[in-house]
1. Can you tell me how many residues in segment 36-61 are touching a strand residue (DSSP E or B) at 6+ places or on another chain (Cβ under 6 Å), under 13 Å from residue 98 (Cα atoms) and either assigned to a loop (DSSP other than H, G, I, E, B) or of a type in the set (D, E, K, R) (or both)?
2. Taking segment 95-105 on its own, how many of its residues are within 11 Å of ligand 2 (Cβ to nearest atom) and either β-branched (Val, Ile, Thr) or in a loop (DSSP other than H, G, I, E, B) (or both)?
3. Give segment 83-94 a look and list any residue that's of a type outside the set (D, E, K, R), within 15 Å of residue 46 (Cβ to Cβ) and part of a loop (DSSP other than H, G, I, E, B), or say none.
4. Is there a residue being modelled with pLDDT under 75 and in a loop (DSSP other than H, G, I, E, B) anywhere in segment 62-75?
5. Kindly indicate whether residue 80 is touching a helix residue (DSSP H, G or I) at 6+ places or on another chain (Cβ under 9 Å), closer than 22 Å to residue 104 by Cβ, not in a loop (DSSP other than H, G, I, E, B) and not β-branched (Val, Ile, Thr).
Amino acid sequence: MATICHDTKNQLTTHAAKGRNNQTKGFIKMAKIEGAVIIDQERCKGCDLCVAACPTNVLELKNKEVNDRGYHFAYAVRPADCIGCSSCAIVCPDGCIEVYRITSK
Ligand code: SF4
Ligand code: SF4
(Lines give C-alpha, C1' and ligand atoms only; values in the text may rest on other atoms or scores of the structure.)
(Ligands and ions follow the chains in the order given, each with its own letter.)
Protein backbone atom coordinates (compact mmCIF):
# COMPACT_ATOMS: atom_id res chain seq x y z
CA MET A 1 0.00 0.00 0.00
CA ALA A 2 1.39 3.37 -0.93
CA THR A 3 2.33 5.88 1.72
CA ILE A 4 0.20 8.97 1.43
CA CYS A 5 1.01 12.36 2.88
CA HIS A 6 -1.76 14.82 2.19
CA ASP A 7 -0.83 18.45 2.35
CA THR A 8 -3.84 20.70 2.27
CA LYS A 9 -2.38 23.07 -0.28
CA ASN A 10 -5.33 25.39 -0.42
CA GLN A 11 -5.24 25.87 3.34
CA LEU A 12 -1.47 26.39 3.28
CA THR A 13 -1.87 29.03 0.57
CA THR A 14 -4.67 30.70 2.48
CA HIS A 15 -2.66 30.80 5.69
CA ALA A 16 0.42 32.06 3.89
CA ALA A 17 -1.62 34.94 2.54
CA LYS A 18 -3.08 35.62 5.99
CA GLY A 19 0.44 35.54 7.42
CA ARG A 20 1.49 38.33 5.09
CA ASN A 21 -1.56 40.35 6.07
CA ASN A 22 -0.79 39.79 9.75
CA GLN A 23 2.73 41.23 9.56
CA THR A 24 2.81 43.94 12.15
CA LYS A 25 5.88 45.47 13.74
CA GLY A 26 8.09 42.71 12.34
CA PHE A 27 6.05 39.74 13.64
CA ILE A 28 4.61 37.11 11.34
CA LYS A 29 1.77 34.91 12.52
CA MET A 30 2.65 31.32 11.61
CA ALA A 31 0.14 28.62 10.78
CA LYS A 32 0.16 25.67 13.15
CA ILE A 33 0.56 22.29 11.49
CA GLU A 34 -1.14 19.30 13.05
CA GLY A 35 -1.00 15.73 11.88
CA ALA A 36 -3.28 12.74 11.96
CA VAL A 37 -2.20 9.15 11.43
CA ILE A 38 -4.28 6.26 10.22
CA ILE A 39 -2.82 2.82 10.83
CA ASP A 40 -4.01 -0.32 9.08
CA GLN A 41 -3.87 -2.37 12.26
CA GLU A 42 -4.78 -5.67 10.61
CA ARG A 43 -1.75 -5.42 8.32
CA CYS A 44 0.62 -4.26 11.07
CA LYS A 45 3.24 -6.82 12.11
CA GLY A 46 4.27 -5.04 15.30
CA CYS A 47 7.88 -4.42 14.29
CA ASP A 48 8.01 -1.24 16.41
CA LEU A 49 9.86 0.81 13.75
CA CYS A 50 7.19 3.50 13.62
CA VAL A 51 7.16 3.80 17.41
CA ALA A 52 10.93 4.38 17.45
CA ALA A 53 10.78 6.84 14.54
CA CYS A 54 8.15 9.16 15.99
CA PRO A 55 9.80 12.31 17.41
CA THR A 56 6.84 13.18 19.62
CA ASN A 57 6.05 9.71 21.05
CA VAL A 58 2.62 9.51 19.51
CA LEU A 59 2.72 5.79 18.79
CA GLU A 60 2.87 2.64 20.88
CA LEU A 61 2.17 -1.05 20.37
CA LYS A 62 -0.91 -2.53 21.99
CA ASN A 63 0.68 -4.82 24.53
CA LYS A 64 -2.51 -6.64 25.56
CA GLU A 65 -4.21 -6.97 22.17
CA VAL A 66 -3.26 -8.66 18.92
CA ASN A 67 -4.66 -8.43 15.41
CA ASP A 68 -5.98 -11.36 13.39
CA ARG A 69 -2.42 -12.28 12.44
CA GLY A 70 -1.38 -12.49 16.07
CA TYR A 71 0.74 -9.33 16.18
CA HIS A 72 0.69 -6.57 18.77
CA PHE A 73 -0.24 -3.68 16.50
CA ALA A 74 0.67 0.00 16.54
CA TYR A 75 -1.79 2.69 17.51
CA ALA A 76 -1.77 6.41 18.31
CA VAL A 77 -1.71 6.70 22.10
CA ARG A 78 -1.15 10.48 22.02
CA PRO A 79 -2.75 11.59 18.73
CA ALA A 80 -2.87 15.26 19.71
CA ASP A 81 0.95 15.36 19.70
CA CYS A 82 1.25 14.37 16.04
CA ILE A 83 3.03 17.02 13.96
CA GLY A 84 2.47 15.28 10.63
CA CYS A 85 6.16 14.68 9.92
CA SER A 86 5.47 11.31 8.21
CA SER A 87 8.52 9.61 9.75
CA CYS A 88 6.35 6.71 10.88
CA ALA A 89 4.92 6.17 7.40
CA ILE A 90 8.34 6.36 5.79
CA VAL A 91 9.89 3.68 8.00
CA CYS A 92 6.94 1.25 8.00
CA PRO A 93 8.11 -1.66 5.85
CA ASP A 94 4.57 -2.67 4.97
CA GLY A 95 3.09 0.75 4.20
CA CYS A 96 0.48 0.47 6.94
CA ILE A 97 0.43 4.16 7.86
CA GLU A 98 -1.16 7.17 6.19
CA VAL A 99 -0.42 10.66 7.46
CA TYR A 100 -2.63 13.68 6.97
CA ARG A 101 -1.49 17.22 7.64
CA ILE A 102 -3.86 19.98 8.68
CA THR A 103 -3.02 23.64 9.09
CA SER A 104 -4.79 25.83 11.58
CA LYS A 105 -4.39 29.33 12.99
S1 SF4 B 1 3.49 11.74 11.49
FE2 SF4 B 1 5.37 12.13 12.74
S3 SF4 B 1 4.58 12.93 14.68
FE4 SF4 B 1 2.82 11.96 13.64
S5 SF4 B 1 2.77 9.86 14.46
FE6 SF4 B 1 4.00 9.81 12.56
S7 SF4 B 1 6.15 10.07 13.24
FE8 SF4 B 1 4.80 10.71 14.95
S1 SF4 C 1 6.24 0.16 11.28
FE2 SF4 C 1 4.35 -0.61 10.27
S3 SF4 C 1 4.37 -2.81 10.63
FE4 SF4 C 1 5.86 -1.92 12.06
S5 SF4 C 1 4.69 -1.58 13.97
FE6 SF4 C 1 4.57 0.32 12.78
S7 SF4 C 1 2.65 0.15 11.57
FE8 SF4 C 1 3.19 -1.90 12.31
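The values are calculated or read from the model by the stated rules, or taken from the named source; none is laboratory data. Because the structure is a prediction, the values reported are computed rather than measured. Heads up, the Cβs are rebuilt from the backbone with ideal geometry, glycines too, and the neighbour counts pull from every protein chain shown.
1. 1
2. Of segment 95-105, the ones within 11 Å of ligand 2 (Cβ to nearest atom) are 95-98.
Next, from what is left, pick out any that are either β-branched (Val, Ile, Thr) or in a loop (DSSP other than H, G, I, E, B) (or both): 95-97.
Residues that pass the stated criteria total 3.
3. Start the filter on segment 83-94 by keeping residues that are of a type outside the set (D, E, K, R), which leaves 83-93.
Then keep just the ones that are within 15 Å of residue 46 (Cβ to Cβ); that gives 88, 91-93.
Result: 92, 93.
4. Filtering segment 62-75 down to residues modelled with pLDDT under 75 leaves none.
No; the residues of segment 62-75 include none that is modelled with pLDDT under 75 and in a loop (DSSP other than H, G, I, E, B).
5. Working: touching a helix residue (DSSP H, G or I) at 6+ places or on another chain (Cβ under 9 Å): no; closer than 22 Å to residue 104 by Cβ: yes; not in a loop (DSSP other than H, G, I, E, B): yes; not β-branched (Val, Ile, Thr): yes.
Here the answer is no, as residue 80 does not meet what is asked.
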